[in-house]
1. Between the alpha-carbon centers of region A:159-194 and region A:250-329, tell me the distance in whole angstrom.
2. If R₀ is 51 angstrom, what is the calculated FRET efficiency for the pair B:VAL119 and A:ALA105, using the beta carbon separation as r and rounding to 0.05?
3. Give the residues of region B:1-33 whose amide nitrogen is closer than 19 Å to a point set 7 Å from the Cα of A:SER112 in the direction of its Cβ.
4. Tally Lys and Arg at +1 and Asp and Glu at -1 over the other residues with C-beta under 13 Å from the C-beta of A:VAL386: what net charge comes out?
5. Which FRET efficiency, nearest 0.05, do A:SER87 and B:ALA12 yield, Cβ-Cβ r, R0 60 Å?
6. Percentage of Cα-Cα pair distances in region B:21-121 greater than 18 Å, rounded to whole percent?
7. What accessible area per residue, rounded to a whole number of Å², is obtained for chain B using a probe radius of 1.4 Å?
8. Label A:GLU373 and B:ASN73 with points 7 Å out from Cα along Cα→Cβ: what is the distance between them in nm?
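The values are calculated or read from the model by the stated rules, or taken from the named source; none is laboratory data. Keep in mind that what you see is a predicted model, and the values were worked out from it rather than measured. Positions of Cβ are generated from backbone atoms using ideal geometry, with glycine treated the same way; all protein chains shown enter the neighbour counts. Surface accessibility is based on the protein's heavy atoms, side chains included, excluding ligands, DNA and RNA. Shrake-Rupley method; radii C 1.70, N 1.55, O 1.52, S 1.80 Å.
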Amino acid sequence: MSLSDKQDSPGLLVRVWRHWQANIWLMLVLALALLIALGMMLVSAGTAIAVAASCLAVLTFTRSAVPADPAPAAMDGNAGAVVPVLSTALEVEKRRDDQYLRLRAEMTQVGSLVREAIDGLINSFTAISSQAHAQQQLAIGMTQTTNQGGEGVDFEDFVQDTSQTLSIFVDNTIKNSQTAMRLVERMADISTEVGHVLGILKDIDQIAKQTNFLALNAAIEAARAGESGRGFAVVADEVRNLSLRTGQFSMQIRDNIGRVHQFVAAAENAIFALAAQDMNFALQSKKRVEMAMHDVQKMNAHVKQSLVRIGEYATDLEARVGQAVTALQFQDMVTQLVGHSQLRLNELAGLDKMLGDVQNSLIRVLQQATPDENGARAVQDKLAAVTQKSAALATDLGRNPVSQENISSGDVELF
Amino acid sequence: MAKTVLTVDDSASIRQMVAFTLKSAGYDVIEAADGNAGLAQAKNNAVSLVLTDQNMPGMDGLTLIKSLRALPNYKATPILMLTTESSDTMKSQGRAAGATGWLVKPFDPQKLLEVVRKVIG
C-alpha cells in the first residue's frame with residue numbers, strides 16, 4: 001500500500017481503529033509485529049531489540065492482564081494496563097541509546113588506536129629505511145674506494161705495482177749475487193797469481209844467496225891476488241851488499257804479498273758468504289711477499305663481494321620497507337571505513353529514534369478510551385516519514401568511499 | 001634546486017609516507033591537511049606538483065583541483081589525485097576538474113616515484 005493510497009482513503013490504522021474494541025489486543029500485537037519487521041529490515045540491531053522488547057512487554061501483559069506499573073492517569077482497566085508497556089518501551093530505548101553511545105565511542109577508540117600504532121610503525125620504518133639507505137651509500141663508497149679510491153688509488157694496481165717492484169728488486173739481488181760469485185772467482189785468480197809471485201820471490205832469494213856466495217868467493221880470490229886484486233875486492237864487496245839488500249827486499253815483498261794473500265782470501269770468503277746469503281734471503285722474501293699479496297688479493301675480493309652483498313641487502317630492505325609503506329596505508333582505509341560506518345550508525349540511530357516515536361505514539365493511541373482519528377493519522381504520517389527516511393538511507397549512504405578489497409597497491413592512470 | 005611537491009591529505013600517516021617517499025628521492029615536500037590548507041600552501045609556495053586526496057573535511061580534492069586551475073600559476077601544474085576512490089564516475093569527474101592523473105590508494109612508493117618523475121622529472 002502506497003502513501004498516496006493512504007491519503008486518498010482512510011488509512012489502514014484508521015480503518016482498524018474503527019473496529020478496535022472488537023479485537024484490540026490482536027491489533028496491538030499485529031502493529032508491533034509490523035514495527036519489528038520494519039526494524040529488522042533496516043538492519044538495526046538496536047531497533048530490533050527495542051521493538052522486540054516492547055512487543056515482549058505487550059505480550060507478557062496480554063497473558064497476565066495484570067499491570068506491573070499501575071498508572072495514575074489510567075482511564076479504565078485496559079487503558080491503565082498499556083501504561084507499563086510505554087514505560088518499558090521508553091526504558092528499552094534509553095538502554096538502546098546508551099549502546100549507541102558506547103558503539104560510537106568504541107569505533108572512535110579503534111580509529112585512534114590504529115592511528116597511534118601506525119604513526120609509531122611509520123616512524124620506525126622511516127628510520128629503518130634511512131639507515132638502510134645510509135648503509136647502501138657506505139657500501140657503494142667503500143666499493144669505489146676499493147676499486148679506484150677516493151684519491152685515485154687502485155688497490156689492484158697497488159698490489160700489482162708492489163709485486164712488480166719486488167720482482168725487479170729480487171732480480172737485481174740475484175744479479176748482484178751472480179756478480180759476487182764472479183768476484184769470488186776473480187779473488188781465487190788473484191790468490192793464484194800471488195802464489196806465483198811468492199814462487200818468483202823464492203827464486204830471487206836463491207839468486208841473492210848465490211850472488212852473495214859468488215861475491216864472497218870473489219873477495220877471497222881478490223885477497224889472494226894481493227895488491228892487484230884490491231879494486232876487484234871493492235867490487236866484490238859491493239856485489240855482496242847488493243845481494244844482501246836484494247834478499248831483504250825479497251823478504252819484505254814476501255811479507256807484503258803474504259798479507260795481500262790473506263786479505264784476498266778473507267775478501268773471497270766474505271763475498272762468497274754475502275752472495276749466498278743475499279740470494280736465499282731475496283728468494284725467500286719474494287716467496288713470502290707473493291704469498292702475502294695473494295692473500296691480500298683474496299681478502300680484497302672477499303671485501304668487495306661482501307660490500308656488494310651489503311648493498312644488495314640494503315636494496316632489498318628498502319624494497320621491503322616500500323611494501324610496508326604500502327601495507328601501512330590500511331590505516332587510512334580503515335579510518336575512512338570506520339568514519340563511514342559511524343555515519344551509517346548515526347543515520348540508523350536517527351531512524352531507530354523515529355521508529356521508537358512511531359511505536360510510542362501507537363501505544364498512546366491504543367491507550368485512548370475512545371477512537372482518536374487524529375492520533376491515528378499522526379502515527380500513519382510518522383510511519384510514512386520513517387519509510388521515506390529508510391529509503392533515503394540507501395542512496396545517501398550507499399557509496400562506500402573505500403573500494404579496495406585488499407592492501408595490494410592501487411592502479412595508476414595518467415589522463 | 002629541488003622541486004617542491006604539495007601533498008594534501010587529511011590522514012597524517014599518508015602525508016608522512018608521501019613525504020618520506022618523495023624526500024628520499026630528493027624532492028622538497030610541503031603538507032596540508034585539507035583542500036583549504038592546500039590551496040593556501042599552493043598560493044604561498046612555488047609548487048611543481050600537487051598530490052591530493054579526494055575525501056577530506058573542509059574542501060575536498062575535486063574542489064581543490066578546480067580552485068587551483070582557476071589560479072593563473074596553476075593552470076598547467078600537474079595535479080595528481082591520490083585516493084581510495086576508484087570508480088570511473090569519480091575518475092571522469094577528476095579529469096573534468098583538471099586532474100593530471102589518478103592514483104588509487106594504497107600507493108607503492110616506487111610506482112609513486114615513477115609517476116612523479118614522469119610528470120615533473
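1. 21
2. Values: r = 43 Å, r/R0 = 0.85.
So, using R0 = 51 Å, E works out to roughly 0.70.
3. The answer is B:11-13, whose backbone nitrogens lie closer than 19 Å to the label point.
4. On the way: positive: A:LYS353, A:LYS382, A:LYS389; negative: A:GLU347, A:ASP352, A:ASP357, A:ASP381.
It works out to a net charge of -1.
5. On the way: r = 48 Å, r/R0 = 0.80.
Taking R0 as 60 Å, the efficiency between A:SER87 and B:ALA12 is 0.80.
6. Summing the P(r) of region B:21-121 above 18 Å gives 44 percent of all pairs.
7. Numbers: 4750 Å² over 121 residues.
Value returned for chain B: 39 Å² of accessible area per residue.
8. 7.1
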